[in-house]
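Read through the structure below, which is laid out as structure tokens, and then see the notes.
The values are calculated or read from the model by the stated rules, or taken from the named source; none is laboratory data. Because the structure is predicted, anything quoted here is derived from the model rather than measured. FYI the Cβ positions are ideal-geometry reconstructions off the backbone, even for glycines, and counts take in every protein chain you see.
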């Protein structure tokens, strides 16, 4: 398993974690050999198109046939911190994930999930978050899944509920191909991730729908 901090990219054959998701988006390209992840920062000086190109380079360096080995593309966000839950927000969410797919030459399914109420959103008046917290999300790939089209499970909880246990052996790169040396980006976590999304059953062939505290969008 590998955890990706802000601006990090990485590969793991089974699990990728995304700590401290606030305005960031957890982007996961699931191939038949594992998961490639990108922890995209919303507050980043680089244009999104440029970052998509950098992610494509990273993916291409991992596998030559990256466009044909891909099976699903996912984008997970925290509440309305990045995209509002309205027509404009959904359009921008759709546009960004479609741009990632185009950079990867990926023609398959694109899925989005919004964790709608698990972490308190920013108060527009006081500019303070009621919980001062963010989201931890983990994608797990099961190549032996009975559902061959979407063999992925997503688990999540508040970041403050995660326990730091060790440094991870693999040091991830940032989106520009450099080792990320900001703070301690190699931290491993362990905790009970009781909130589970089974992609095989929870992601339906509808454009937009909500289940509990989760909003799903099928872009294509």
For the stretch 8-30, the count of residues that are surrounded by 22 or more Cβ atoms within 10 Å (Cβ to Cβ) and either closer than 16 Å to residue 102 by Cα or more than 14 Å from the chain's Cα centre (by Cα) (or both) equals 4
If you check residue 160 against the conditions, is it surrounded by fewer than 19 Cβ atoms within 10 Å (Cβ to Cβ), modelled with pLDDT under 80, more than 17 Å from the chain's Cα centre (by Cα) and assigned to a loop (DSSP other than H, G, I, E, B)? no
Confirm whether residue 50 is on the phi > 0 side of the Ramachandran plot and not in a loop (DSSP other than H, G, I, E, B).
no
